[in-house]
Amino acid sequence: MKMKEEEEEMKRKKQEHEMRMKEEMRMKEQQEMMKKEQEMMMKEQEMIMKEQEMIMMVRKQEMEMIQERLQAAKSSLNERLQKLQAVDQTLNQQIQVLYDQKNQMQKEIKMIETKLKEAESQEKKQRFEQQLLESTTKIQDMVMYIEEIEQKRKNINLEKQASQLEYETITRQIEEIMMEHEEVMRKDEVQIAEKQEEVRMKQEEFKKKQEHEMKMKHEEEIKRNKQKTFSFNHLNQVIRLQKADGSWEMTSSLLSILDLQMDNVLNSAPNEISQQSWSTIIAIVFIETYFIENEDEWCLLIDKAKLWLENHFISDLQNYFELAKALF
């Protein structure tokens, strides 16, 4: 009878082990798929960022080239305006000098005319007439020269007006190009933001999928563990073995209650932690796994055990808990 029970127990454990291995394989495959999916999303995000940087760089280069070309034309026109202004000022000064000379010469002509009227001898009259003729000729030449200079000033003013108009046109073009560039950049940013939002939604969907898988895994684990033969008697025996400081010693009594083999437990123990830390982790996993629905009854004991682990510099507990679960 006893042998039959032992055979059935061994058969049950073998079936449980096979089921666990299949479940672990399935979960591993799902995790690999999720990992690949996450990597693809990260690459997509990276591609979007690179595309954004490339677009921004090209737009900036285009804008800089246009600005440089227009600014060069604007500077050239400004220099041209300054030169025209300088020439205009010089001509204006020349005209002022000529007008002064003209006024002075007109005064001289009046004086000659007066002397001519007062001249008594024929010789003096001829001399004054000659002076009057020369002065009149000079003033006529001067008037023609003044008219020529004034015509030059008119031409320069027309050229100044044309250059000023062109200068204002280029200034307006620069402003329009800047506005157009800003509009294009805004559209690019909107397009990139839409792509980023699309990736974000994919990531959110992926996160929900992960959470769903974890929930399913947790529910499957609870369902599977409910089929175990552990009872509250086992739980009470484990709790009685807990030390006052919250830890559990690695004893044959503890492993016997947990239906674990000492060799398997020691071989699976991480090198960086002590046997007492490993046995404490195993005990915590046992209670949280098989008696999860009675959390309120043992949560203080578990908190005390976890605090003991933390005080002994045991970090990354979740990773160790996953390793311990593989023993059951």
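The values are calculated or read from the model by the stated rules, or taken from the named source; none is laboratory data. Computed from a predicted model, the values in this text were never measured in an experiment. Here the Cβ is made from the backbone with ideal geometry for all residues, glycine too, and neighbour counts use every protein chain on show.
In this structure, is GLU194 within 42 Å of the chain's Cα centre (by Cα), of a type outside the set (Phe, Trp, Tyr) and exposed (fewer than 13 other Cβ atoms within 10 Å of the Cβ)? Answer is yes for this residue. Scan region 64-76 and give yes if some residue there is of a type in the set (Lys, Arg) and free of Cβ contacts under 8 Å to residues at least 40 places away in the same chain, otherwise no. Within region 64-76, one or more residues are of a type in the set (Lys, Arg) and free of Cβ contacts under 8 Å to residues at least 40 places away in the same chain.
Which of the residues that make up region 228-277 are of a type outside the set (A, V, I, L, M), assigned to a helix (DSSP H, G or I) and under 24 Å from SER315 (Cα atoms)?
Of region 228-277, the ones of a type outside the set (A, V, I, L, M) are 228-234, 236-237, 240, 242-243, 245-249, 251-253, 256, 259, 261, 263-264, 267-268, 270-272, 274-277.
In the following step, the residues that additionally are assigned to a helix (DSSP H, G or I) were identified as 232-234, 236-237, 240, 252-253, 256, 263-264, 267-268, 275-277.
The answer is ASN264, ASN267, SER268, GLN275, GLN276, SER277.
Please determine, by comparing only the residues of region 175-219 that are closer than 30 Å to LYS28 by Cβ and among the polar types (S, T, N, Q), which one is modelled with the highest pLDDT. Across region 175-219, the extreme among qualifying residues is GLN203. For region 90-101, state whether one or more residues are under 30 Å from ARG153 (Cβ atoms), under 60 Å from the mean Cα position of the chain (by Cα) and either touching a residue at least 24 places away in the same chain (Cβ under 8 Å) or outside the structural domain of ILE149 (by TED's automatic domain parsing) (or both). Yes, that holds for at least one residue.
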